[in-house]
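All remarks here apply to the structure that follows.
The values are calculated or read from the model by the stated rules, or taken from the named source; none is laboratory data. What you see is a predicted model, and the numbers here were worked out from it, not measured in a lab. We place every Cβ from the backbone using ideal geometry, glycine too, and count neighbours over all the protein chains shown. Please note that ligands, DNA and RNA were not included when accessible areas were found on the heavy atoms of the full protein model with its side chains. Shrake-Rupley method; radii C 1.70, N 1.55, O 1.52, S 1.80 Å.
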Amino acid sequence: MKTVLITGTSSGIGRAAVLKFNNEGWNVVATMRDPSNETELNQLDNTLVVALDVQKPETITQAIDAVINKFGQIDAVVNNAGAAIFGVFEMATEDQVNKIFDTNVFGPMRVLRAILPHFRAQRSGTIINITSQGGRITFPTCSIYHATKFSLEGLTEAIAYELIPFGIRTKIVEPGSTATKFVGGAELTAGEVPEYEEFIKIGLGNWAKYDTMTSQPEEIAETIFIAATDDNDQLRYKAGRDTELYIGKMQNGDDQSYVDYMRERFIPEYLDKKQ
Ligand SMILES: NC(=O)c1ccc[n+]([C@@H]2O[C@H](COP(=O)([O-])OP(=O)(O)OC[C@H]3O[C@@H](n4cnc5c(N)ncnc54)[C@H](OP(=O)(O)O)[C@@H]3O)[C@@H](O)[C@H]2O)c1
């Protein structure tokens with residue numbers, strides 16, 4: 001029986017992934033920052049609910065050690081935990097930038113640092129990093145979030161080279177807009193620059209207007225499961241109808257056409273205000 005460890009399973013995509021892998025007969029290590037209120041996942045067979053905060057390295061090594069003691073080895077790790085921040089770069093405080101990078105980039109790096117020695121020793125293992133369509137394309141009002149997800153995309157694509165010699169498979173799953181608490185739980189950039197207020201209102205408003213292709217977390221979990229089990233060398237997996245549209249625009253044309261398309265779609269109000 002194979003074993004997967006998933007981060008950020010208190011809600012959303014991570015939680016749906018726990019249920020999917022469990023349903024498919026895997027041992028699942030459902031990790032979350034605070035398992036004390038968990039009442040559902042710890043009732044599942046072959047599922048271990050463990051505390052893991054990607055910002056606290058000691059919780060990562062403790063969780064991995066506990067899993068290896070119980071299940072013998074880990075076959076796949078899903079770096080799913082993440083957070084959002086909306087607003088504009090100039091209004092993001094240093095603390096906000098550090099915090100979101102700590103969760104979305106340095107967090108997965110800490111998990112990788114802890115699991116890779118085990119994967120190298122066993123000459124196998126699959127890493128699945130959950131980025132976003134926002135790791136390939138950008139929307140107005142999400143600049144800091146995009147910076148984190150582009151970073152995780154680049155890291156993941158590049159470590160895939162390094163890990164091939166050890167039989168370790170590296171995968172990227174790129175969800176589009178998904179119905180979780182993610183957007184509602186997002187921070188707003190907190191600095192005081194009133195001149196951006198109108199831009200943020202317009203950017204968020206247009207984004208909401210076009211946010212009509214939302215997927216359910218269970219659909220993303222299906223893609224994560226495929227990435228874990230398809231036994232091939234595919235690196236990237238788009239997940240969600242909007243990813244086909246936006247990443248498709250970026251991939252299937254010249255770069256400036258994609259940029260023009262996104263500006264026309266999301267900030268048309270500003271395009272006749274060129275200086
Ligand atoms: N929903 C979308 O539209 C969307 C689109 C593209 C990509 N994604 C990506 O999908 C992933 C999952 O997001 P989601 O949509 O399922 O949102 P979600 O329901 O808000 O889930 C995020 C999970 O990450 C956990 N988390 C946050 N900080 C953590 C930390 N320091 N250590 C451990 N866990 C932490 C949260 O736990 P707590 O309950 O403790 O906060 C929560 O379980 C994220 O990486 C996100 O960037 C989401």
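Residues in region 125-152 that are out of contact with any strand residue (DSSP E or B) (no Cβ under 7 Å at 6 or more places or on another chain) and either away from the ligand (no atom under 12 Å from the Cβ) or open to solvent by 30 Å² or more (accessible area, probe 1.4 Å) (or both): 138, 140, 143, 147, 150, 151.
Scanning region 153-164 for residues that are open to solvent by 50 Å² or more (accessible area, probe 1.4 Å) and either within 17 Å of residue 177 (Cβ to Cβ) or in contact with a Leu (Cβ under 7 Å, 6 or more places away or on another chain) (or both) yields a single hit, 157.
Only one of the numbered conditions (1) modelled with pLDDT of 95 or more; (2) within 21 Å of residue 112 (Cβ to Cβ) is not met by residue 71, and that is (1).
Give the residue that is most open to solvent (accessible area, probe 1.4 Å), with candidates limited to residues of region 56-114 that are closer than 13 Å to residue 7 by Cα and without any contact (Cβ under 8 Å) to a residue 24 or more places away in the chain. Filtering first and then ranking leaves 56. Only a single item in (1) assigned to a helix (DSSP H, G or I); (2) open to solvent by 50 Å² or more (accessible area, probe 1.4 Å); (3) touching a strand residue (DSSP E or B) at 6+ places or on another chain (Cβ under 6 Å) is not met by residue 223, and it is number (2).
Does at least one position in region 255-270 carry a residue that is touching a strand residue (DSSP E or B) at 6+ places or on another chain (Cβ under 9 Å), closer than 30 Å to residue 90 by Cα and either loosely packed, with under 13 Cβ neighbours inside 10 Å or of a type in the set (Phe, Trp, Tyr) (or both)? The answer is no; no qualifying residue exists. For region 11-49, the set of residues classified as surrounded by fewer than 19 Cβ atoms within 10 Å (Cβ to Cβ) and within 13 Å of the ligand (Cβ to nearest atom) consists of 11, 33, 34, 35, 36, 37, 38, listed by residue number.
Scanning region 1-60 for residues that are of a type in the set (D, E, K, R) and in a helix (DSSP H, G or I) turns up 15, 20, 58. Looking across 209, 171, 181, one residue alone is open to solvent by 60 Å² or more (accessible area, probe 1.4 Å) and outside any loop (DSSP other than H, G, I, E, B). It is 209.
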